[in-house]
1. Quick one: of the DSSP bridges fully inside the chain, what percent are antiparallel, nearest 5?
2. Quickly rank 94-106, 76-88 as a protection proxy: mean count of other C-beta atoms within 10 Å, highest first.
3. Take the Cα radius of gyration of the chain and divide it by 2.2 N^0.38 Å, with N its residue count; two decimals is plenty.
4. Does the stretch 1-42 classify as rounded, prolate or oblate by the C-alpha gyration tensor (a ≥ b ≥ c root eigenvalues; a/c under 1.5 gives rounded; else a/b over b/c gives prolate, otherwise oblate)?
5. Just order 40-52, 135-147 by mean Cβ neighbour count inside 10 Å, highest at the front, would you?
6. Which whole-angstrom value gives the distance between the alpha carbon centres of the stretch 117-157 and the stretch 68-110?
7. Which order do peptides 13-23, 53-63 fall in by mean Cβ count within 10 Å, highest first?
Ligand SMILES: CC(C)(COP(=O)(O)OP(=O)(O)OC[C@H]1O[C@@H](n2cnc3c(N)ncnc32)[C@H](O)[C@@H]1OP(=O)(O)O)[C@@H](O)C(=O)NCCC(=O)NCCS
């Protein structure tokens, strides 16, 4: 059974390599402080205390053109700031499991405070991956990233 846990002091991520330097570096250099300062919550899947997959979640909003109102409105939600699966464990459903976990976190939050979307800035070679989970491209970000949004209302529990 796959278990997700908040990042704990005894979790070891030194050997973690998902193939994307930015995502590896975030885990090694920033995740503990982000969690300590309540900026991101880091969720890990681990084996013998070694992190084999992780996600970083924080609250956000996205300004979105509402056709009815003909103006941009602020849509609150959560952002999957990072998602990485160690190369040795890819294609085993761990990424999918972390995305489903994020959707379930968003569904819990929205019962207490406004929360409508899950937002991600997708890397080019992961765009198709997010589309598999109903994330829709909203606009491009820079040369090779895409702002993508998942509408929580399309997935009512
Ligand atoms: C992208 C990533 C998170 C996928 O994790 P994973 O655990 O290997 O993926 P899963 O096992 O959950 O895959 C679920 C399905 O998506 C498919 N898939 C995996 N990577 C894919 C990709 N890059 N593009 C399209 N489909 C992909 C799988 O084949 C699987 O298909 P199936 O259900 O038909 O078998 C992982 O490859 C990774 O860490 N990549 C580097 C970091 C990165 O790009 N993160 C995203 C940042 S925006």
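Rule-based calculations on the coordinates, nothing more; no lab input. The structure displayed is predicted, hence computed values, not measured ones. Ideal geometry is used to build each Cβ from the backbone, glycine not excepted, and the neighbour counts take in all protein chains shown.
1. Taking every DSSP beta bridge with both residues in the chain, the antiparallel ones total about 90 percent.
2. For the peptides 94-106, 76-88, the packing ranking is 76-88, 94-106.
3. Compactness ratio reported: 1.05.
4. Details: a/c = 1.71, a/b = 1.07, b/c = 1.60.
It comes out oblate by the Cα gyration axes.
5. Highest-to-lowest ranking by the protection proxy: 40-52, 135-147.
6. 9 Å
7. The most tightly packed comes first, giving 53-63, 13-23.
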